[in-house]
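Beneath this line is the structure, given in structure tokens, with notes to follow.
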Amino acid sequence: MSETYTLYGQTVMDHFMNPRNMGDLPDADGVGEVGAAACGDIMKISLKIQDGKITDARFKTFGCGSAIASSSMATELIKGRTVEEALNFSNQEVVDALGGLPPVKIHCSVLAEEALKAALEDYLKKHPDVAAKVKEKEAARSAAPETANA
């Protein structure tokens, strides 16, 4: 591949050429798949979760180089996070960690966020006790008065 091809940054190219965490987790606790073949990108993320923390994450992506790089980076970023932390994950984290994406490729990072959240929803459906605790914490956070930083 040409060294002068500059549409993507060095980090994007590294994750595209050497994707991390590619594949399935056969005993996954949560699996999310988003996208559509008709639009060109399909992303699947599998999660292994123990004691409320993501211990492993894998992906399978059918799509362009930035979709593969976004999947790879997202799986790197979410390992070690709690379920609650992962529910607040945003595509901007992927974009920032990759050193940016071309504007026409931002949707690839959005797909990674959506696949992760679909996998978390799958996990929470299978573990209603954890889902109830997450909802309780969100409700408590919403009801807590905001402190002024005066």
### Task
Extending each Cα 7 Å along its Cβ direction at Asp129 and Met22, get the distance between those two points in nm, one decimal.
3.8 nm
### Task
Could you check the simple spin-label distance between Phe62 and Ala140, using points 7 Å along Cα→Cβ, in nm with one decimal?
4.4 nm
### Task
Please report, in whole Å, how far the alpha carbons of the stretch 3-150 spread along each principal axis, starting with the longest.
53, 48, 28
### Task
Compute, for Val110, the solvent-accessible surface of its heavy atoms (probe 1.4 Å) with the complete set of protein chains present, and express it in square angstrom to the nearest 10.
50 Å²
### Task
Using a 1.4 Å probe and ignoring any ligands, DNA or RNA, find the accessible area of Phe89 and quote it in Å² to the nearest 10.
0 Å²
### Query
Measuring from a point 7 Å past the Cα of Glu121 along Cα-to-C-beta, which residues in the stretch 10-26 have an amide N at less than 15 Å?
none
### Query
Which GluC sites (Glu not before Pro) does the stretch 53-146 hold that lie in a coil by DSSP with at most 16 other beta carbons within 10 Å?
Glu146
## Note on the structure
For Lys44, the lysines lying under 23 Å Cα to Cα, once residues fewer than eight places off in the same chain are dropped, come out as Lys53, Lys60, Lys79, Lys105, Lys117, Lys125, Lys126
### Query
Of all trypsin sites (Lys or Arg not before Pro) in the stretch 47-111, which ones are in loop regions per DSSP and have a Cβ with at most 13 other Cβ atoms within 10 Å?
none
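The values are calculated or read from the model by the stated rules, or taken from the named source; none is laboratory data. Small disclaimer: the values here were computed from a predicted structure and weren't measured. Note: ideal-geometry Cβ built from the backbone for every residue, glycine included; neighbour counts use all protein chains shown. Surface areas here come from the heavy atoms of the whole protein model, side chains and all, with no ligands, DNA or RNA. Shrake-Rupley method; radii C 1.70, N 1.55, O 1.52, S 1.80 Å.
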